[in-house]
Amino acid sequence: MYDGALQSLIDELGRLPGVGPKSAQRIAFHVLSRPREEVVMLSAALIAVKDHVRFCDQCGNISEEDLCSICRDPRRDQSLICVVEEAKDVGAIERTRSYRGLYHVLGGAIDPINGIGPDQLRVRELLHRLGDEAVQEIIIATDPNIEGEATATYLTRTIATIGIPVTRLASGLPVGGDLEYADEVTLGRAFEGRRRIDQDD
């Protein structure tokens, strides 16, 4: 629709996840309207991310060093490892401020349709970490979808042979949600995860 550099920018922005053609055009025109210094800072930040950000050697989280800040923190509970699919999931859990253990990022979930099996994930690295006697519990926090469930089932069966207890994050009805709009899987999980309410609570 547009010529030259502007259309190239729109095309590149449109490749980003969650950015449709209209959003890409809107962002491109926003960039065009900003001072050159701001655009230079944005491009420098993008290049710096590619040059300096890597994955933690131990857990697979985002880091600028060999070990991420969580793995380096001696105050973290070394007996707990929470297994997540992607590094962004670590941030989501950290924002709750309710977990103080370590993490292990798989780098995805088992998805046979797209050719992703256990060998394409960081499962081997997880099993290697479990050789440390300090680990007393594995918490599986994969997404509550078909791929996440397949991954959780595989990990549970694999880790069971080692003898380390495996738990799964509870899932069910969201706060503020309506029962009539809940799907069967979510509602079923809510029933499975129900707990007793005592009068003292």
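We did not get these values from a lab; they are worked out from the coordinates using the rules stated. What you are looking at is a predicted structure, and each value in this text was computed from that prediction instead of being measured. Note that we place each Cβ from the backbone using ideal geometry, even for glycine, and neighbour counts take in every protein chain shown.
Results, tabulated for the structure shown:
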{"quantity": "For the chain, with +1 on Lys and Arg beta carbons and -1 on Asp and Glu, the positive-most of Phe29, Cys59, Leu13 along the dipole", "calculated": "Phe29"}
{"quantity": "Stretchable slack from Lys50 to Arg195, in nm (0.36 nm times residue separation minus alpha-carbon distance)", "calculated": "47.6 nm"}
{"quantity": "Span-rule helices in the chain, defined as complete DSSP H runs reaching 15 Å or more along the axis (Cα) with Kyte mean at least -0.5", "calculated": "21-33, 36-52, 146-160"}
{"quantity": "Potential lengthening between Glu65 and Glu133 on full extension [0.36 nm per residue; Cα-Cα distance subtracted]", "calculated": "21.9 nm"}
{"quantity": "Shape call, the range 4-52: gyration tensor on alpha carbons, a/c limit 1.5", "calculated": "oblate"}
{"quantity": "Check: the chain dipole with +1 on Lys, Arg Cβ and -1 on Asp, Glu Cβ, in debye", "calculated": "280 debye"}
{"quantity": "Per-residue Cβ neighbour rank within 10 angstrom, fewest leading, Thr186, Thr96", "calculated": "Thr96, Thr186"}
{"quantity": "Efficiency of FRET between Leu187 and Arg36 - r from beta-carbon atoms, R0 45 angstrom, step 0.05", "calculated": "0.25"}
{"quantity": "Interchain or long-range residues, amide H under 5 Å from Ile140's placed H", "calculated": "Val83, Thr167, Arg168, Leu169"}
{"quantity": "Label zone at Glu12 (point 7 Å along Cα-to-Cβ), backbone N below 20 Å, the range 30-70", "calculated": "30-53"}
{"quantity": "Two-site FRET efficiency, Ser23 against Arg157, from Cβ-Cβ distance with R₀ of 45 Å, rounded to 0.05", "calculated": "0.60"}
{"quantity": "Dipole of the chain, positive end: most advanced residue of Ile146, Thr156, Ala45 [Cβ charges, Cα centre]", "calculated": "Ala45"}
{"quantity": "Gaussian network model of the chain, Cα within-10 Å springs - most flexible of Glu12, Glu125, Glu184", "calculated": "Glu12"}
